[in-house]
1. Before we move on, is Lys152 over 17 Å from the mean Cα position of the chain (by Cα), under 25 Å from Pro77 (Cβ atoms) and at pLDDT below 75?
2. Determine the pairs where a residue that is under 16 Å from Asp110 (Cα atoms), located within segment 73-93, has a partner that is in a loop (DSSP other than H, G, I, E, B) with Cβ atoms under 7 Å apart, the partner being 6 or more residues away or on another chain.
3. For segment 34-64, which positions are modelled with pLDDT under 70 and open to solvent by 60 Å² or more (accessible area, probe 1.4 Å)?
4. Name the strands (runs of 3 or more DSSP E) wholly within segment 65-120 that hold at least 1 residues that are surrounded by fewer than 17 Cβ atoms within 10 Å (Cβ to Cβ)?
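The values are calculated or read from the model by the stated rules, or taken from the named source; none is laboratory data. Bear in mind the structure is a predicted one, so any value in this text is a computation, not a measurement. Please note: Cβ atoms are built from the backbone with ideal geometry, for glycine as well, and neighbour counts cover all protein chains shown. Please note that ligands, DNA and RNA were not included when accessible areas were found on the heavy atoms of the full protein model with its side chains. Shrake-Rupley method; radii C 1.70, N 1.55, O 1.52, S 1.80 Å.
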Amino acid sequence: MTISTIRDTRISGFVRHILFAAVVACAALAAGAAHAQSDVAQRIAEHFSSMRTMTGEFVQFGPRGEQTGGKFYLERPGKIRFDYQGDARFRVVSDGTSVILENRKMNTVDIYSLGQTPLKVLLADRIDLSGSKVQSVDVQEDVTTIRFVDKKLFGDTTITMMFDSDSYELRQWTVTDAQGRDTTVMLFNVQRGVTFDPSVFHIDYRRVNEINRANSNRN
C-alpha cells in the first residue's frame, strides 16, 4: 500500500466520521427536546429544527493530528453535501434518495440508500429519536456543552457538542470512540435560509455505475 493510498484511506474514514458526527449531533438535539433535560437544551433543539437550509465551512481534526476541511450544504428533507478541499478531493452527496461517498483522486464511489443510513435522521422534516440520552448539559457564559451517549444507537461512541450560549449556534462537536480517540469538527461562516440550485445535490447515477463497473473489472 502506497503512502498516498494510506492517506486516502484515512481521509475516507474522516468522511464517514464527519457524517456520523453530524447525525449524532442532531440526534442529541432531538434528545434534548424529547427529554427536556433543561430549558437550554429545549431552546437549542427548537433553534436547530427551524433551519431548513444551511451552508458554511468546516475544519476537521483527526485523532492523529490530521487536518482537512471544506464546505457543506444542507437542505431538508433529504439533501446534504460535503466538499473536501485541497488534496483530499472527497465529496459526499445525498440527493434525497441515495448517498454517495466519492474519492475523486482514487476514482471510486460508494453508494448507499439514504433510508439505510443514519443520515435519514439528520435530513428528515422532523428530527425524532426516542431512547436517546443527553448525559449532561453544562451552561457557561460563552459556551453551552452537551454530552451525548446512546449505546443502543451508537455503541461506545460519545459526542460532546459546544454551542454559543447566546445564539444557540453549533460551534463544534467532538466524537470520542471506544478507544478514546477524538475527531473534532469545527463550523464557521455558516449561513441559513439560503436557496440552492438543484445541481448542488445532483448525483449522476450513470457516471457512478460506470466508475463502479470499471473498478469491478480491474479487480
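1. On the way: over 17 Å from the mean Cα position of the chain (by Cα): yes; under 25 Å from Pro77 (Cβ atoms): yes; at pLDDT below 75: yes.
The answer is yes for Lys152.
2. Qualifying pairs under 7 Å: Ile80/Leu123; Arg89/Arg104; Arg89/Lys105; Arg91/Arg104; Val93/Ile203.
3. Within segment 34-64, Ala34, His35, Ala36, Gln37, Asp39, Glu46 meet the criteria.
4. Numbers: elements: 67-75, 79-84, 90-95, 98-103, 108-113.
Fully inside segment 65-120 and qualifying: 67-75, 108-113.
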